[in-house]
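Report on the following structure.
The values are calculated or read from the model by the stated rules, or taken from the named source; none is laboratory data. Computed from a predicted model, the values in this text were never measured in an experiment. Don't worry about glycine lacking a Cβ; one is built from the backbone with ideal geometry, like all the others, and counts go over all protein chains shown.
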Number of protein chains: 2
Amino acid sequence: MSSRGPLTGASRLRYLPLGGLGEVGINMWALEWENKVLVVDAGLMFPQEDMLGIDLVLPDISYLLQGGKEVLGVFLTHGHEDHIGGLPYALKKINVPVYGTRLTLGLVKPKLKEHRILRESDLREVRVGDTVQLGPFRVETIAVCHSIPDATALSIETPVGRVIYTGDSEEARCAHCGLQLHQCANCRGIAGPFERIFNEAPSRIVVANFASNIHRVQHLVRMAAQFERKVAVVGRSLQQNFKTARELGFLSVPEGLTIPLADYERVPPSKLLLLTAGSQGEPMSALTRFAAQRHPFINVLKDDWVVISARPVPGNERMVHQTVNNLYRHGARVFYSEVGNVHVTGHAQREELRDMLKAVRPRYFIPVHGEYRQLLLHSELARETGLGVDHIAVVEDGETVDLTAEEMVRGEKVSTGLVYVDGLGVGDVEQVVLRDRRHLAEDGILVVTLTLDRDTGTVRAGPELISRGVIEPELSVRLMADARKEVLDNIRRFAHSHTDISLLQETIHDAVSKTVYRQTRRRPMVIPVINEI
Amino acid sequence: MSSRGPLTGASRLRYLPLGGLGEVGINMWALEWENKVLVVDAGLMFPQEDMLGIDLVLPDISYLLQGGKEVLGVFLTHGHEDHIGGLPYALKKINVPVYGTRLTLGLVKPKLKEHRILRESDLREVRVGDTVQLGPFRVETIAVCHSIPDATALSIETPVGRVIYTGDSEEARCAHCGLQLHQCANCRGIAGPFERIFNEAPSRIVVANFASNIHRVQHLVRMAAQFERKVAVVGRSLQQNFKTARELGFLSVPEGLTIPLADYERVPPSKLLLLTAGSQGEPMSALTRFAAQRHPFINVLKDDWVVISARPVPGNERMVHQTVNNLYRHGARVFYSEVGNVHVTGHAQREELRDMLKAVRPRYFIPVHGEYRQLLLHSELARETGLGVDHIAVVEDGETVDLTAEEMVRGEKVSTGLVYVDGLGVGDVEQVVLRDRRHLAEDGILVVTLTLDRDTGTVRAGPELISRGVIEPELSVRLMADARKEVLDNIRRFAHSHTDISLLQETIHDAVSKTVYRQTRRRPMVIPVINEI
C-alpha cells in the first residue's frame, strides 16, 4: 500500500475496520462513501484473563455515532457469536435496518428479545443470491460453505469498484467472481471417527460442540437416528439454537428422536446421545459442570464416551484440560483434539485461503479476522499469489484504508477499541478500573481508618487496619500491629490543629506500605480514610 | 492395583508422591521403609492464572517434617526448574544431604546462594553410574538422554525389590535393567531448520529457548561458530546457566565467540546471534520486553529473524501469541511452533514411553509427572504392553502406594497440596486470601466508613464511601451518592445508645450491596468500618 497520506475530498471509498483486526472475535467493519456508511457484522468476544471481571467485549462504534454520518444498515454474514453477538448493543445506540439470511436473523431474534428491543428492530430477510441496493452500495449475498448453514459472503458494488468480503467462508459460489462451490470442507473428515464411536461406545455418548455449529449437530442427529440413540440437548444456548434451526428448517430431526433432558434416565445409557455446549471448558458451561459433577440434572458416569469436538481457542487450553481431567477421574473415556481426530476446523485453512485468492484475483487485498500475526501471514499468502506490496494493506482496528479506482492508501486513524460489558454497564469499566482490579488481584488491599478531631488535631478513634487478600487472617496479627504502630509513630507530629489532611493521608499510606513491604515484599493497595469530627 | 486397604506394619515400601502427580511442575516424591525416607527431586512450578499474585508454587513437604521420620537425603535427577527449583525452600525446613551430578549441583548452587543457605548445605556430587547406599536404599544413577546434560534416571534397590525411576528421560542406558542408549531424540530433527535460518537470515538471528536447555544452546553455539556469528546472551537466568554449564565443561564455546550484551552494536547485525530466555511469553522475560521494545538494552529491529524454539506450555499460548504479534508489528520474521518446525520436545513421546516400558518390563507401574489425563494415558500404554490392571497404580499427590515383594496396594492418603510463595511469604497465602483476591479482581471493593458517638449513638462523621475497581471514577458520583443515601436511611433507626455494632455493619453492608447490584449487577466486596468515639 502506498505510504503517502490519506486521500482528501469525499470521492474515495473508505474501508473502516471497527473490530476483529488485531484480535479474534469482535468482527465489525464498514464502508463509507460521501458520509454514507454500510456496516458489516457486529460480533462480540469473551474476555481474556487480564480483563478482570468483564463479561463480554464489544467493538467501539463511536465513529458511527458522529454527526454527519448516515448509517444505511448492518449486513450480517452468518449467525456465529463473533459476527452477530454485539448487534443488540449496537442497535441500542443506533437503530438501523439489519439485513441477513433467514437462519442468521432467526438466531438474532432471541438476543434482541432478551435485550427487549426486538419489537422496534427493523430486520430485513435476504435470500442467498439476493441483491440489495443501499445508497451507493449494491450488496449481493453469495452462498458459502461454513460450519453454520445459511452463511454468506458479500460482493459489494461501490462507486470505485467491487469489494468482495469472503467472511469466514471456506469456499464460495459466485458466478460473477469466478468462485465455485467444492465439497464443503467442514463436512470432510468427520464421519469416520464418529462412526467408530457410535459403533463401539458401551454406554452414553456425549458430544460437546460450539453451540452454533449446526452442521455438526445435523450430522450427529443423523448418526443418532442411524444407531438408534435418543438425543437430549444440554445447555441453554445449544437448546435455543437447536430450536431455532429446527423451526426454520435448517435442522432436520426425525419425529421422536429427541427427548427432554429431564427424561434421560428413562432411556438405557447405551441408547442415549447427549449434545452439549461448553467445548472450550468455560467455567459455567454445561460440559464443565457435567464433568465436575456439579450439573443440577445430569453428570458424568463411568463408561461415558465424551467427544470434545472443537479445538480449544488459544488461551482456553488449560480450562479444557481441567474438564478432561475431571471426565477421566470419573471413569469416562474422552476423545479430544489431542487424542482422537474428531475436530475439523470451521475456518479456512491456508490452502483454501490460497485457492480463494486465486479464484477472486483481487486488485487490492486486506486480510481480516485475527491477530496481527495471522493477518500478516495471510498477506504473505497474497504476496505469493503475485499481488504487489502496494496492493496489500495489513491494518488493525481503526486504521482506515482509502480506495479509489486507481489506488489504495492508508487513511486517517479513527478512534476504536474494546468496550467492556460488566453486568449492566457497557463501557463504564475502562483502564482505571481494570488497573485497580489488577492491583487488588495481585496483592489485596489494606484500609486504614481513623477519626480526627478537626479542632484539636488529635486522633479520637483508630487507626484501625483492615486487610483483604494480603495475608491469611490468622497470620496477620503481628503485621497489622506493626503497621498500626508505624502509623501512630508517624502521625504523632500531626497532633496540632489545622492538620493538612492530604499530607496526613500520604504519611499513613507510606508508613503502612513500607511496613508491609519490608515484612512481606507485597505491595497491597493502601487506602487511608480519615473521618473528621 | 488391589483395592483392599493399606498394608499394616512397617515391612512395606511406601511410594509417596509429594508433587507432580495431578499437575505439571512440582516434581517430588519419596520412598519410605521403616520410617526412613529417601526423597527424589524438589521442583517448583509457576502459578496458573487463578493463583492471583502468587510468584511460585512449591510442593507441601509437611509429611517429611512429622516426628519419627528420618529423611536420609534428596536425590536430584537433573537440573531443570521443575526438579530442582523447590530445593532451597525444602532445605530451609529440613537440611539433609543433597545428591546430584556435577551440572545439576552446579545449577543448584546459585539458587542456594541467593537464598543464603549455600554454606550450610551438604551437597554431595555423584557421577553417572555411581551407586550410593542410603540406609535401606541403594541408589544407582543411570545415564539418560534429555534436553539438559548430566541427567540421570535412578535404579533404587529396596528391601522389596528394585524401583526404577525414568524421570524425564527419553532413553536410558543401564546394564542391569536392559536399557540401551539410542540416538538422542533431543538432537534429532533440529539441524535442518536452523541450518536454513543461519544460511538465509539477512540480519540478526534471535533464538528464544528454555534457559536450561543446554543441548540446544550448545547446538546454536556450534552453528554460530560455523556461520561466523558472534553470540550475545540476553536474560539473567540464561546468562547464569550459560556461565555454569561452560565453567563445568558441559558447554563448549570457542574463545572469542561470545560478546557482552553491551557490545552488540559493535557487531554487524548479519554477524550476530542473540540467545534469550522467555520462550513462554512470560511478562518480565527478555524476549517479551525485546518484542515490545521495552528492554533496557536491546530491542527488536526490522529484519530480525526470531526463532521461538520451545512449544508453549498449555496456558501460555496467548502470551506467546502476543509476543509474536509484537515481533511481527516491528518488522521481524518469526519462526515458532505453528509456523516453522523448529521445536523438538524435551519430553518422551508415546513411542519412547512404550519402548521404555518394553525395555524395563516392570512388575508394577506408577505413571508420574503430569495432569490426571496424562497419567491415565500413560497407564493405558502400560496396559497395552501387557501389564495387568492390578499391577498399575494411577495416583495423584498424597495418594501413597504400599509395596511388598508380593503385591501393590493403595496406601493411606497423606496431606499434600500446593504451597504458594508470594514475596517473602511461603505458605502465608492460602485459600482465604486467594478467594478474597478473586473477589476483588472480579468486582472491586467499596469501603464505607463512619464515626459513631458511643454514648449517644449518633453518627459524628460520614458515611464516606470509597471504591476501587468497581466503576470508572467519573461515572461513580451518582452511584456513590445513592449508596450513601441508602446507608443513611438504613442507619437512622440505630440512632440511640447501646448500638449493636455488628448489626450496624451488617445493615450498612446490605444497603450498599443492594444499591450497587441494582444499578450495575456487580457485587463488589463491601467493607463497613465504624470508628467509635
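Numbers below:
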| read-out | value |
| --- | --- |
| Check on B:Arg437, modelled with pLDDT of 90 or more, more than 30 Å from B:Lys485 (Cα to Cα) and either of a type in the set (Asp, Glu) or not assigned by TED's automatic domain parsing to the domain that holds B:Arg521 (or both) | no |
| Residue within region A:457-467 that is away from chain B (no Cβ under 13 Å) and surrounded by fewer than 21 Cβ atoms within 10 Å (Cβ to Cβ) present | yes |
| A:Ile54 vs. criteria closer than 30 Å to B:Thr323 by Cα and away from chain B (no Cβ under 14 Å) | no |
| Region A:367-388, residues that are surrounded by fewer than 16 Cβ atoms within 10 Å (Cβ to Cβ) and under 25 Å from B:His321 (Cβ atoms) | A:Glu380, A:Arg383, A:Glu384 |
| Exclusive hit being within 14 Å of another protein chain (Cβ to nearest Cβ) and surrounded by fewer than 17 Cβ atoms within 10 Å (Cβ to Cβ), set B:Ile530, B:Ile501 | B:Ile501 |
| Filtered residue count, region A:380-391, keeping only those that are more than 14 Å from every other protein chain (Cβ to nearest Cβ) and free of Cβ contacts under 8 Å to residues at least 24 places away in the same chain | 2 |
| Whichever residue in region A:309-332 is in contact with a helix residue (DSSP H, G or I) (Cβ under 7 Å, 6 or more places away or on another chain) and farther than 18 Å from B:Arg311 by Cα and, among such residues, is farthest from the other protein chains (Cβ to nearest Cβ) | A:Ser309 |
| Members of region A:407-438 that are more than 8 Å from chain B (Cβ to nearest Cβ), more than 17 Å from A:His115 (Cα to Cα) and part of a loop (DSSP other than H, G, I, E, B) | A:Glu407, A:Val414, A:Ser415, A:Thr416, A:Gly417 |
| Qualifying residue in region B:205-218 (condition: part of a helix (DSSP H, G or I), assigned by TED's automatic domain parsing to the domain that holds B:Asn326 and either touching a Lys or Arg at 6+ places or on another chain (Cβ under 9 Å) or at pLDDT 90 or above (or both)) | yes |
| Verdict on A:Thr507 being free of Cβ contacts under 8 Å to residues at least 40 places away in the same chain, touching a Pro at 6+ places or on another chain (Cβ under 9 Å) and more than 30 Å from B:Thr520 (Cα to Cα) | yes |
| Selection from region A:244-292 of residues that are in contact with a strand residue (DSSP E or B) (Cβ under 9 Å, 6 or more places away or on another chain), outside any helix (DSSP H, G or I) and small (Gly, Ala, Ser) | A:Gly256, A:Ala277, A:Gly278, A:Ser279, A:Gly281, A:Ser285 |
| Filter pass, A:Leu38 being surrounded by fewer than 23 Cβ atoms within 10 Å (Cβ to Cβ), assigned by TED's automatic domain parsing to the domain that holds A:Lys413, of a type in the set (A, V, I, L, M) and out of contact with any helix residue (DSSP H, G or I) (no Cβ under 6 Å at 6 or more places or on another chain) | no |
| Sole exception among (1) surrounded by 21 or more Cβ atoms within 10 Å (Cβ to Cβ); (2) touching a strand residue (DSSP E or B) at 6+ places or on another chain (Cβ under 6 Å) for A:Asn241, by number | (2) |
| Residue satisfying all of: in region A:442-451; on the phi < 0 side of the Ramachandran plot and either outside any strand (DSSP E or B) or within 9 Å of chain B (Cβ to nearest Cβ) (or both); surrounded by the fewest Cβ atoms within 10 Å (Cβ to Cβ) among these | A:Glu442 |
| Where a residue in region A:363-379 is more than 7 Å from every other protein chain (Cβ to nearest Cβ) and more than 12 Å from A:Glu396 (Cβ to Cβ) and its partner, wherever it lies, is polar (S, T, N, Q) and surrounded by fewer than 20 Cβ atoms within 10 Å (Cβ to Cβ), with Cβ under 8 Å and at least six apart | A:Phe365/A:Ser379 |
| B:Val394 within 14 Å of chain A (Cβ to nearest Cβ), out of contact with any strand residue (DSSP E or B) (no Cβ under 8 Å at 6 or more places or on another chain) and either surrounded by fewer than 17 Cβ atoms within 10 Å (Cβ to Cβ) or hydrophobic (A, V, I, L, M, F, W, C) (or both) | yes |
